[in-house]
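This report refers to the structure that appears directly beneath it.
The values are calculated or read from the model by the stated rules, or taken from the named source; none is laboratory data. Keep in mind the model is a prediction, meaning the values are calculated, not measured. Here the Cβ positions follow ideal geometry from the backbone for every residue, glycine too, while neighbour counts run over all protein chains shown. With ligands, DNA and RNA removed, areas are computed over all heavy atoms of the protein, side chains included. Shrake-Rupley method; radii C 1.70, N 1.55, O 1.52, S 1.80 Å.
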Amino acid sequence: QVQFVESGGDLVQSGGSLRLSCVGSGSSFSAYGMGWYRQAPGKQREPVASITSGGSTAYTDSVKGRFTISRDNAKNTVTLQMNSLKSEDTAVYYCNLVPFRYNSWGPGTQVTVSS
């Protein structure tokens, strides 16, 4: 089964940008949809962005126009470019397949946006 490790999280000011990366190991995920998810303190984990095996993308309304998901199947990586960050984007960000696999969650990467 595939396992994921996320990186790129940091503390940034409101309006700033971050680029998150996710590397998969154990199996190729090129044939599957991939997604970024996030969990804010006291809230449930939620989907943020997804990309199909063919490259079609979708975003939750709150990040449309600000976040961009992309993938590199040759490198087994998925990235999330986040611009115009807001305090409500503060969360731990995870990547996983779409639909997610319970055993594939990684440790996540913390994004903190200060206002």
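When only DSSP loop residues count, what trypsin sites (Lys or Arg not before Pro) in region 43-101 have their Cβ near at most 11 other Cβ atoms within 10 Å?
Here the sparse-neighbourhood loop sites are Lys43, Lys64.
Would you mind computing, in nm to one decimal, how far apart the modelled labels at Ser115 and Val23 are, each placed 7 Å from Cα along Cα→Cβ?
Spacing of the two 7 Å Cα→Cβ label points: 3.7 nm.
Net charge within 13 Å of Gly9 by Cβ-Cβ distance, Lys/Arg positive one each and Asp/Glu negative one each, not counting Gly9 itself?
Computed value for this residue: -1.
Less than 19 Å apart at the alpha-carbon level, and either on another chain or at least 8 residues along: which lysines does that give for Lys64?
Lys86
Keeping the other protein chains in place, figure out the carbon and sulfur percent of the accessible area of the chain, with a 1.4 Å probe.
That fraction is 49 percent.
By its C-alpha gyration tensor, with a ≥ b ≥ c as the square roots of the eigenvalues, how is region 65-115 shaped: rounded for a/c under 1.5, else prolate for a/b larger than b/c, else oblate?
Oblate.
After finding the eigenvalues of the alpha carbon gyration tensor for the chain, what semi-axes result from the square roots of 5 times each, listed largest first in whole Å?
Over the Cα atoms of the chain, the semi-axes work out to 22, 14, 12 Å.
For Leu11 and Ser53, calculate 0.36 nm times their separation in residues minus their Cα-Cα distance, and state this gained length in nm to one decimal.
12.0 nm
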